[in-house]
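What follows is a short report on a single structure.
No lab work stands behind these numbers, since they all come straight from the coordinates. What you see is a predicted model, and the numbers here were worked out from it, not measured in a lab. Here the Cβ is made from the backbone with ideal geometry for all residues, glycine too, and neighbour counts use every protein chain on show.
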């Protein structure tokens, strides 16, 4: 497990960055890895059944195959109906993930610890929009490559800390969007979207965060949003500093 020392972690960022030896790949383009490492999130709105109905499709830009989120069970934007989550769960980690939106208004979401959404939404420049820590930061829309192009999120995430069962430090992240640092030591206050959104979404209006790890979740909303090159490096971040 990697450790941030003095708040410094040297790592490449941006589209095409490959996993270091200390990280684990969670999607390499294969159906085999999808079935081995992911499952449907068993939230209150789950309407899909295994095997996962997300599609493996040809990469529209480069060679290889990628993952299309357009699960039939999520048609009409029913988030939580067919979201997928890693079987592994995490506390502190470094994430790399790439996405491509094929059509105007394409919508998905990357959920850290199956709680905190980093938005994936074409056309929205608000705090509910592209690359925002949803409802908590402005959208750094300037860094978005646009429809039909690959984009990359590189994130170091530090889980919330608890003492004697009480929250003493909120979750925090630093994030690069297509190689540009867009969030630095950003605290995350709550889970948004209610119980259909993620772990703790139904606790005290999303403010009742609990001290349990969670997987990386990807959201299905009935849109053609593609993912590839997903890897995670487990970490231990003792101090409240995620800058890298």
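Pull up the DSSP beta bridges for the chain and report the antiparallel fraction as a percent, rounded to 5. All intermediate terms of the calculation are to be shown ahead of the outcome.
On the way: 56 of 58 bridges.
Antiparallel bridges: around 95 percent, rounded to the nearest 5.
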Study note, to complete from the structure: Here the Kirkwood hydrodynamic radius of the chain, Cα-based and in Å, equals 17.7
Review point. Roughly how many Å is it from the Cα centre of region 146-183 to that of region 43-57, as a whole number?
Key: 26
Check your understanding: How are the Cα pair distances of region 103-244 distributed, in percent, across 10 Å bins from 0?
Key -> 12, 43, 35, 9, 1
Point to revise | Highest average packing first - 129-140, 108-119, 162-173, Cβ atoms within 10 Å | key: 108-119, 129-140, 162-173
Practice item. Obtain the nm distance between the two label points defined at residue 211 and residue 57 by a simple spin-label model: each point lies 7 Å from its Cα along the Cα-to-C-beta direction. Key: 4.4
Exercise for review: Return a whole-number percent for the relative contact order of the chain, with Cα pairs under 8 Å and 6 or more residues apart as the contact set.
Suggested key: 32
Review point. What nm distance separates the two modelled labels at residue 46 and residue 103, each placed 7 Å from Cα along Cα→Cβ?
Key: 2.8
Review point. Which residues in region 214-244 place their backbone N less than 14 Å from a point set 7 Å from the Cα of residue 28 along the Cα-to-Cβ direction?
Key: 229-232
